[in-house]
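Have a look at the structure below before the remarks.
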Amino acid sequence: MRSFTYTTGVKLKGNKIYLPSLGWMKFYNSRPIPDGFKMKSVTVRKKADGFYVSIRIEDTSIPTFPTITSEEINTAVGLDMGLGKLVYCSDGSVIDNPRFATNQKTKRLQRIRQRRVSRKKKRSNNRRKAQQKLSVFQLKIANYREARNWQIALKIVKKADVIVVEDLNISGMMKRCKPKYDSESSRFLPNGQSAKRALSRLIADASWYTLISKIEYVAAKSGKIVLKIDPRKTSQTCIVCGHIDAASRDGEKFVCTNCGHVDDANLQEARNIKAKAINQYGLLLKRIKKVRQDLPKPRQLTLFETPTLELIRGKRRQHRAHKGERDVPGNLGIQLNLFNQDNNIPIRDTL
């Protein structure tokens, strides 16, 4: 068994915990139990780098998570899961794919550690130690991916009131290809499984299902809504004219065969996901006008002051060159004109 659960008999005292039939033992108390909560169950799990204890607590006086009504929905964002970039958003932003398990450095280290395990004698202590190091290495990758997914989920939920994702059949996308058998030669023909194997590894490393689950959890705590739509035809539909054609998709580029609209294929799909959810669920979104924040604010005019173009536009901040030669001792502080020199400026005598 990799884990076991206690429902009664557990006690806490500082950094020590009492487990029935095991006694008192020290543990790292990462966070104290808040006042008013009581323990419901305690689960002990064994992982590659040690044992972990998780405590489930409950407080019935705390209200449930807030919910948002259809009248309060103002914004929505569509998400397209990818492999080059992890998430493409309908607002034009993208989130990078860290590829914790499929980058060159990680694959090389994992190959070296796996080779060390296979070269050890079976059922020996050295083989057990090498396997332990490999398991700890894989656990670190899983922890990095888990922490990254929580950060991405929190960042996405803050974008809008409604988050729209595709209802993907991820297990079907990672399924092995069907074998092709030739009855005449009594042999199996190539079915593209070696290429599909690499694609399945990338999908598993991206962890789409776990990321969507975390987005749903964070959205529920924040009072947001997560909607799922059918992913069919979202990558082949033009957002401008609505024409559907598989020939419009050319790798990472989308070129509509009807109106000639050119766009990034993944961002185009994210916008189609959002538009499909709006039509399917009848969302009434609020249009927000974007204002540039880098322009200076115009100065307030007085009662009898005549407005001019310079006063209305405002003055921009003047930046000085950091590596100029005007501040060097002996150099002039202004730029001289060839035909209009100021006689009051002292000029250094020449030998």
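Odds and ends about this structure:
- When each of K40, K26 is tested for being at pLDDT 90 or above, outside the structural domain of P231 (by TED's automatic domain parsing) and exposed (fewer than 10 other Cβ atoms within 10 Å of the Cβ), the lone residue that passes is K26.
- Reported count of residues in the stretch 239-263, each being more than 17 Å from E166 (Cβ to Cβ) and either outside the structural domain of E216 (by TED's automatic domain parsing) or in contact (Cβ under 8 Å) with a residue 24 or more places away in the chain (or both), is 2.
- One residue from S70, S3, S41, S90 being hydroxyl-bearing (S, T, Y), in contact with an Asp or Glu (Cβ under 9 Å, 6 or more places away or on another chain) and touching a residue at least 24 places away in the same chain (Cβ under 8 Å): S90
- Residue within the stretch 180-187 that is within 24 Å of E269 (Cα to Cα) and assigned by TED's automatic domain parsing to the domain that holds G223 present: no
- If the condition is being in a helix (DSSP H, G or I) and more than 20 Å from C89 (Cα to Cα), then the stretch 163-190 contributes S171, G172, M173.
- In the set (1) in contact (Cβ under 8 Å) with a residue 40 or more places away in the chain; (2) over 30 Å from I163 (Cα atoms); (3) in the same structural domain as K221 (by TED's automatic domain parsing), the condition left unmet by R115 is number (1).
- Among the strands (runs of 3 or more DSSP E) confined to the stretch 69-125, there are none with at least 1 residues that are surrounded by fewer than 12 Cβ atoms within 10 Å (Cβ to Cβ), in contact with a Pro (Cβ under 8 Å, 6 or more places away or on another chain) and not basic (K, R).
The values are calculated or read from the model by the stated rules, or taken from the named source; none is laboratory data. These numbers were taken from a predicted model, which means no experiment stands behind them. Quick reminder, even Gly has a Cβ in these numbers, built from the backbone with ideal geometry, and neighbours come from all protein chains shown.
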